[in-house]
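The values are calculated or read from the model by the stated rules, or taken from the named source; none is laboratory data. Just so we're clear, the structure is a prediction, and the values are computed from it rather than from any experiment. Here the Cβ is made from the backbone with ideal geometry for all residues, glycine too, and neighbour counts use every protein chain on show.
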Amino acid sequence: MKKTSLLALLLTAVYLLPAQKLEKDKNYFISAIGFWNVENLYDTLNDQWKNDEEFTPAGTNAWNGSRYRTKINHLAKVISEMATDATPDGLAILGLCEIENKSVVQDLVNDPQLKKRNYQIVHIEGPDFRGVDPSFIYNPSYFKVSKSVAYRVTLNDSARRTRDILVVSGSFVGEPLTVLVNHWPSRRGGELVSRPNRNIAAKMARHIADSITKNNPKAKVVLMGDFNDDPINVCIKDVLKTTADYKSCNDSLYFNPMEKPYKEGIGSLAWQDSWNLFDQTILNKNWVPSNYQSWQYYTVRIYNKPYLRSDFGNFKGYPFRTYSGGAYTAGYSDHFPVFITIAKENTAKVKK
């Protein structure tokens, strides 16, 4: 993991890295696309088909209705605030992971802090042994879904079951867009030992993305998720094939706007005073900024507001999680959310 002082993060409430400055004499539409590992969003019911016993009232976490409602309220607060300094509508699209079922996402989008946005949901149950899956919410004023499918990631060890890759295709304000929501296999056993599992997921994700652009060369593709790898790791750089320089982005190399923040010491999760940036949003060449006459990448942000950071104990400065050391702390998540802003020149009235 990348060693750096926690002070580097504390000095940056919201990391912002623009691709190129927008011209001051022009008018632009701004929107935002985000991702968040929300850390074990389970309901309180025991599902006999899932390993969710610890997240029940009688389980080790004493997960009851009050704690569940607090978690929903906290997550909704964060989502309601993200990107609102760039666009009053906030996030147009948000990928999520560690979601037990569609019902908990429905509770989330129905929270009073989010309900007015009319977020819609795509959620497909998968085989993960913990019973959690990627999920997808979107503002229908911006995005229209045409197809959604979950692709199975089959590991060499058939006893290990990991999360599917959720693929959602549609139209973003008239432009073709496909989003792949990922939660790659963990680093259990160590980064090197577990790397082959993430290589399998990376190859699958890249194959899906390539098939989309082969079918429609104009399609914009976003690969988002908790990759359980940093932007410089083999699975991202060499298998998924990414570059930190958007000017080098092409059919072979995808642009990873998270690589530069990572190299500057910015992370989305922490362990033993080390920061990782597992939570990433990776883009194909059709997002590369040029004249902004279509939707194009503008900035990347790691949303690490002070209230999302623990302010006490050995984990001061870390993401403020729901449980810490086995004790309930009523936090938010063990990951910070991330998002990109995108821009398009307002040369004519855009129809949503």
Restricting the search to segment 33-78, which residues are closer than 28 Å to Met224 by Cβ and either polar (S, T, N, Q) or exposed (fewer than 13 other Cβ atoms within 10 Å of the Cβ) (or both)? Asn37, Asn40, Trp49, Asn51, Asn61, Thr70, Asn73
Can you pull out every residue in segment 92-107 that is closer than 12 Å to Leu75 by Cα, in contact with a Ser or Thr (Cβ under 9 Å, 6 or more places away or on another chain) and surrounded by fewer than 20 Cβ atoms within 10 Å (Cβ to Cβ)? none
With modelled with pLDDT of 95 or more, surrounded by fewer than 23 Cβ atoms within 10 Å (Cβ to Cβ) and hydrophobic (A, V, I, L, M, F, W, C) as the only criterion, which of Leu240, Leu223, Leu269 stands out? Leu269
For Ser186, indicate whether it is within 18 Å of the chain's Cα centre (by Cα), surrounded by fewer than 23 Cβ atoms within 10 Å (Cβ to Cβ) and modelled with pLDDT under 95. yes
Failed criterion for Ala159 (all others in (1) within 26 Å of Phe29 (Cα to Cα); (2) at pLDDT below 95 hold): (1)
Can you find a residue that is buried (at least 19 other Cβ atoms within 10 Å of the Cβ), under 15 Å from Asn284 (Cβ atoms) and touching a residue at least 40 places away in the same chain (Cβ under 8 Å) anywhere in segment 151-162? no
Filter segment 192-216 for residues that are farther than 22 Å from Asp133 by Cα and in contact (Cβ under 8 Å) with a residue 12 or more places away in the chain; the one that is farthest from the chain's Cα centre (by Cα) is Asn216
Given (1) touching a residue at least 24 places away in the same chain (Cβ under 8 Å); (2) of a type in the set (S, T, N, Q); (3) under 24 Å from Arg69 (Cβ atoms), where does Ser324 come up short, assuming only one miss? (1)
Out of the residues in segment 74-103 that are hydrophobic (A, V, I, L, M, F, W, C) and part of a loop (DSSP other than H, G, I, E, B), state the one that is nearest to Leu177 (Cα to Cα). Ala92
Identify the residue in segment 251-304 that is of a type in the set (D, E, K, R) and under 16 Å from the mean Cα position of the chain (by Cα) and, among all such residues, is farthest from Phe227 (Cα to Cα). Arg301
Got a number for residues in segment 108-130 being surrounded by 14 or more Cβ atoms within 10 Å (Cβ to Cβ), hydrophobic (A, V, I, L, M, F, W, C), in contact (Cβ under 8 Å) with a residue 40 or more places away in the chain and assigned to a loop (DSSP other than H, G, I, E, B)? 1
Qualifying positions in segment 245-264 - surrounded by 19 or more Cβ atoms within 10 Å (Cβ to Cβ) and aliphatic (A, V, I, L, M): Met258
Restricting segment 230-250 to residues that are without any contact (Cβ under 8 Å) to a residue 12 or more places away in the chain and under 21 Å from Ala201 (Cα atoms), which is farthest from the chain's Cα centre (by Cα)? Asp238
Scan segment 275-290 and give yes if some residue there is within 21 Å of Glu39 (Cα to Cα), assigned to a loop (DSSP other than H, G, I, E, B), at pLDDT 95 or above and of a type in the set (Phe, Trp, Tyr), otherwise no. yes
Could you pull out the residue among Tyr318, Tyr332 that is buried (at least 21 other Cβ atoms within 10 Å of the Cβ), in contact with a Leu (Cβ under 6 Å, 6 or more places away or on another chain) and either closer than 25 Å to Ala76 by Cα or modelled with pLDDT under 95 (or both)? Tyr332
If we ask which residues in segment 131-141 are crowded, with 23+ Cβ neighbours inside 10 Å and among the hydroxyl-bearing types (Ser, Thr, Tyr), their number turns out to be 2
Yes or no: segment 131-142 includes at least one residue that is of a type outside the set (S, T, N, Q), out of contact with any Ser or Thr (no Cβ under 6 Å at 6 or more places or on another chain), farther than 27 Å from Ile72 by Cβ and without any contact (Cβ under 8 Å) to a residue 40 or more places away in the chain. no
Suppose the filter is surrounded by 15 or more Cβ atoms within 10 Å (Cβ to Cβ), within 22 Å of Val338 (Cβ to Cβ), in contact with a Cys (Cβ under 6 Å, 6 or more places away or on another chain) and at pLDDT 95 or above; does Ala202 pass it? yes
Those residues of segment 79-91 which are surrounded by fewer than 23 Cβ atoms within 10 Å (Cβ to Cβ), within 16 Å of the chain's Cα centre (by Cα) and not hydroxyl-bearing (Ser, Thr, Tyr) amount to Glu81, Met82, Gly90
